[in-house]
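Take a look at the structure below.
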Amino acid sequence: MYQYDEYDQRIVDERVAQFRDQTQRYLAGELGEDEFRPLRLQNGLYIQRYAPMLRIAVPYGNLRADQMRMLGHIARTYDRGYGHFTTRQNLQFNWPRLEDVPEILAKLATVQMHAIQTSGNCIRNVTSDPFAGVAADEDIDPRPWCEIVRQWSTFHPEFAYLPRKFKIAVNGAKEDRAVIQVHDIGLDLKRDAEGRIGFRVLVGGGLGRTPIIGEEISPFVPWQDILSYCEAILRVYNLNGRRDNAYKARIKILVKALGIDAFRSQVEAEFAHLKGGPATLTVDEVHRVADHFVDPSYETLPASDAGYTDQLAANKAFAAWARRNVRAHKQPGYASVVLSLKKTGIAPGDITADQFDSVAVLADAFGFGEVRVTHEQNLVLADVKQSDLFAVWEAARDAGLATPNIGLLTDIIACPGGDFCALANAKSIPIANAIQARFDDLDYLHDIGEIEINISGCMNACGHHHVGHIGVLGVDKNGQEWYQVSIGGDQGNDTALGKVIGPSFAADEMPDVISSLIETYTANRHDDERFIDTVRRVGADPFKTRVYADREARKQAHV
Amino acid sequence: MSEIIKHGVIHEDDWTVLRLGEGEDATSVELPAGRVIVPLAVWLARRDTLGAQAEAGVLGVWLAGTEDPATLADDLLRLQLIAVDFPKFADGRGYSIATLLRARHGYGGELRAIGEVLRDQFSYLTRCGFDSLQPATGRYTRPQLEAALASLKDFSDPYQGAVDRAEPLFRRVTRKVAA
């Protein structure tokens, strides 16, 4: 994992000093509310429904054990004892006091962390594959490239006041686990015919109010040019993106308005000036960064550990966990473990101060001191010996982090929603919890198999509902909270936007609606067909018909 | 007289920024006496008659965020002052306009940020090539402006290149390789 040198450290230290001064001037009345807003947002600080919310950057989802401990300390000292991992691999605290934020940032800086550009109309935290470096289907490790993009975008003076926020994601595997098709820029690492590394570049994807799948702007940009190419895209956007209407200000609207070909021509014209300029990456710099991401010192082990095989056979609960929460690893004798933050009754992505510490202990003991955050709001120990899996499971179970539900129905992705967020139209967490409670039978969950339910409390789509196999969107109807349901969305290589099935539902109907959808699936599925595959094969109609027929029947039953 | 920051020092300044009022026309608007920064439209309409004043250093031109700096490409040697207007401090087009004027078109004269120019953007503005910063009249007291000079030095070694230092950090220094 990347370790700061003196330059990185000085930049975050100087940021802390800068923000401390800005906060003091704000509290002294020298800096107006409107003037302070973008400054605090670019430090991840929102003023929320009940309290400020501080979003801390977890660059491309990489964390170390000492950082986990510091987050636990901050949760205990400045918050109410917990934090929340987001769909962009970041971490949010819901209850800090504005006056304490400079001190929190100072403490984060001591463990090489910050909240830089986690909000605001600037280039946000770059996101990537939580299994980078260990996935069997990886062609090129995206992490060095993420770090290079992170450094380039951090305090970029030209692009701090863009028309709107700007998100970049990087994928280096065959299966895209970074959702690059719904980012402002999606970078897909490739090799050309001669084996040289470069990027297929997508632009103009995004969810939110106007969900759009990104389009290819270049099939291959050589690695040396990638920052110059991104600079060209950002400059065209900064000068031409709409600033009259925040809802139409994202780059996707500009790309749609111009058409991808005209947009590309503008970018290429700009790039022609920048190509070969000082932003051109050097072999030395790429090597310097890549040296932080070499494999840990793996032991030479047999492909399959005999003890692990015995434990699987002997312990049903362990086997159920291993089946869902353990992933294959490129290194013989190793595996990756997903620690579930989706225990029924807990807000998806929430983690307590004690759990921060528990994960740190696990990472130090069994995972080379590293932790990853997934955009599905779970945690990953990327490099665990198979022979340690049983011990990891026992410790994770004791810490409430071993719910065997990764990829299953209860592994729900949800934004904080109306319980916390000032933007939300409706609550998300109680809906997630009610659905989890309905599907608490583990055998049934495994029978239903892989399915993704995504819940957003408003059309800003932080819960990525458009790309959920089942998407739930909170809407406001005459001051009441209602939920619109879509099906057929997907992330990854087959990214698709879900389609709304019909009129929206009251909160207490939602578990029944999900049950109707699932029963339609189990009645129609072929062997080994996932929910999304069945939706694709039979279409949305049987699902719609069943959901609204069941709804009518429930109404009749209550008459 | 207003106070501006030029090359990191506070100066008294006597330039007047001319903004076209409603119904005023670029071809006919009367220019105020003294040193004046005119809108691009006025310059384009009356370049022939205003050229000598520009060369004498008593007339400058300002660009709005919607205006293409390439329009001035042929005039850059004559102009000693170009200003870029920030209608709102959060409107960031001016950063790209300044970058293009300096890095693309090679403009070497005074480049001034006008409009809603605030201390918390000073550092980004100077990095994009502004060498003079003109906060709105009355926005800062003299002691506040003096304190604001510190914001120019918020960051000592930025990662990426910009107008002020064209080379990114990885070209400026030798960074240690991971242990």
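The values are calculated or read from the model by the stated rules, or taken from the named source; none is laboratory data. Everything numeric here is computed off the predicted structure, so don't read it as measured data. Counting neighbours? That spans all protein chains shown, and the Cβs are built from the backbone with ideal geometry, glycine included. The protein model used for the area step is the full one, side chains on, heavy atoms only, and it has no ligands, DNA or RNA in it. Shrake-Rupley method; radii C 1.70, N 1.55, O 1.52, S 1.80 Å.
Rounded to the nearest 500, the helix-only mean residue ellipticity at 222 nm of chain B stands at -6000 deg cm²/dmol, with each DSSP H run of n ≥ 4 adding -39,500 (n - 2.57).
The orientation-averaged shadow of the Cα convex hull for the range A:6-109, equal to a quarter of the hull surface, comes to 6.9 nm². Summing both sides, how much accessible area is buried between B and A? Use a 1.4 Å probe and give Å² to the nearest 100. Buried area between the two chains comes out at roughly 3900 Å². Amide H to amide H, with H built 1.01 Å from N, A:Val475 comes under 5 Å of A:Trp482, A:Tyr483, A:Gln484, counting only residues 5 or more places away or on other chains. Taken over the range A:127-291, the convex hull of the Cα atoms encloses 115 Å³ per residue.
For A:Leu45, list long-range residues whose amide hydrogen, built 1.01 Å from N in the peptide plane, is under 5 Å from its own amide hydrogen. Amide H to amide H, under 5 Å and 5 or more residues apart or across chains, A:Leu45 pairs with A:Arg55. Quick one: what are the phi-derived ³J(HN,Hα) couplings along the range B:159-171, Karplus 6.51/-1.76/1.60 with θ = phi - 60°, whole Hz, x for glycine and proline? Each residue's phi maps through the Karplus curve to give 5, 9, x, 8, 5, 5, 9, 5, 8, x, 3, 5, 9 Hz. Each other residue within a Cβ distance under 13 Å of B:Gly161 adds +1 if Lys or Arg and -1 if Asp or Glu, for a net charge of -1. Of the chymotrypsin sites (Phe, Trp or Tyr not before Pro) in the range A:1-45, the ones in a loop by DSSP (not H, G, I, E or B) with at most 16 other beta carbons within 10 Å are A:Tyr4.
Summing charges over neighbours of B:Val29, with a neighbour being any other residue whose Cβ is under 14 Å away from its Cβ, gives -2 when K and R count +1 and D and E count -1. Restricting the range B:1-48 to GluC sites (Glu not before Pro) that sit in a DSSP loop and have at most 14 other Cβ atoms within 10 Å of their own Cβ leaves B:Glu22, B:Glu24, B:Glu30. Distance distribution P(r), the range A:450-559, all Cα-Cα pairs, bin width 5 angstrom from 0: 2, 12, 23, 24, 19, 11, 5, 2, 0, 0 percent. Beyond 12 Å, the tail of the calculated P(r) for the range A:307-352 holds 69 percent of the Cα pairs.
Across chain B, C-alpha contacts under 8 Å between residues 6 or more apart give a mean separation that, scaled by the residue count, equals a relative contact order of 17 percent. With Cα atoms as the point set, the radius of gyration and Dmax of chain B evaluate to 17.4, 69 Å. In chain A, the calculated helix contribution to ellipticity at 222 nm averages -11500 deg cm²/dmol per residue, counting -39,500 (n - 2.57) for every DSSP H run with n ≥ 4.
For A:Ile116, nonlocal amide neighbours, meaning residues 5 or more places apart or on other chains whose placed amide H falls under 5 Å from its own, are A:Ala57. Judged by the ratio a/c of the largest to the smallest principal axis of the C-alpha gyration tensor, the range B:120-179 counts as prolate, that ratio being 1.5 or greater while a/b is larger than b/c. Of all stretches in chain A that contain no GluC sites (Glu not before Pro) in a DSSP loop with at most 16 other Cβ atoms within 10 Å, the longest one is A:300-449. Each residue of the range A:333-348 was assigned a 3J(HN,Hα) from its phi angle through the Karplus expression (A = 6.51, B = -1.76, C = 1.60, θ = phi - 60°), giving x, 10, 8, 10, 10, 9, 8, 7, 9, 10, 5, 4, x, 10, 4, x Hz with x at Gly and Pro. Based on C-alpha pairs under 8 angstrom that are at least 6 apart in sequence, chain A has a relative contact order of 12 percent.
Extension gain, A:Lys555 to A:Arg97, is 160.2 nm, computed as 0.36 nm per intervening residue step minus the present C-alpha separation. The range B:69-147 to the range A:165-227: how many Å between their Cα centroids? When both Cα centres are located, 33 Å separates them. Ignoring ligands, DNA and RNA, what percent of the 1.4 Å accessible area of the protein assembly as shown is carbon and sulfur? The nonpolar share, carbon plus sulfur, comes to 50 percent.
Residue by residue, the range A:276-286 carries 3J(HN,Hα) couplings of x, x, x, 6, 4, 6, 10, 4, 4, 5, 5 Hz when phi is fed to the Karplus relation 6.51 cos²θ - 1.76 cosθ + 1.60 (θ = phi - 60°); x denotes Gly or Pro. Ellipsoid semi-axes for the protein assembly as shown, based on the Cα gyration tensor and the rule √(5λ), read 49, 29, 25 Å when sorted largest first. For A:Arg288, the shell of other residues with beta-carbons less than 13 Å away shows a net charge of -3, using +1 for Lys and Arg and -1 for Asp and Glu.
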